[in-house]
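The structure appears right after this line, and notes come after that.
The values are calculated or read from the model by the stated rules, or taken from the named source; none is laboratory data. Quick caveat, the model's predicted, so the values are computed rather than measured. Reconstructed Cβ throughout: ideal geometry from the backbone, glycine too, with neighbour counts over all protein chains shown.
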Amino acid sequence: MHICVGVRRQWDLVCDKNYLVETSQSVFNFGVMVGAIIFTSMSDRLGRKPIHLACQYTMLVIGIVIAFAPNYITFVVLRFFLGAVREVRQPTSVENLRLMARRHGRTTPAKICLHSLFIILLLII
């Protein structure tokens, strides 16, 4: 039995429906924007660690559920929420790393290089 892999083949998003693929990516990016606005203010109010952990677990659950999305609308809605909770990952991680380094004494060139490397790796991912 052949299993269709990919959004284009699963919901027949070819030819006249090809724009729907780009629409799902635009909705994902809109979710990233909304998540940046919502979760940065929430993490300032409620603390970075609880918001970071809640978003990580939510991203795990949404990532699993999105793999079994039965139709295109469900897929797009889940992509929006995935984009929103994904956005909290990078700023929170960088800020936590910066605060951990500051807590252990003065900043040395080795620490600055390590933090720079970590931030570059986060940007690549």
Could you grab the pairs with beta carbons closer than 8 Å, sequence gap of 6+ or different chains, first residue in the stretch 39-54 and surrounded by 12 or more Cβ atoms within 10 Å (Cβ to Cβ), second one at pLDDT 85 or above and among the small types (Gly, Ala, Ser)? Phe39/Ala84
Spot the failing condition for Met59; the list is (1) surrounded by fewer than 12 Cβ atoms within 10 Å (Cβ to Cβ); (2) at pLDDT 85 or above; (3) touching a Lys or Arg at 6+ places or on another chain (Cβ under 7 Å); (4) of a type outside the set (S, T, N, Q), and only one is missed. (1)
Against the condition on the phi > 0 side of the Ramachandran plot and modelled with pLDDT of 70 or more, how does Gly47 come out, does it pass? yes
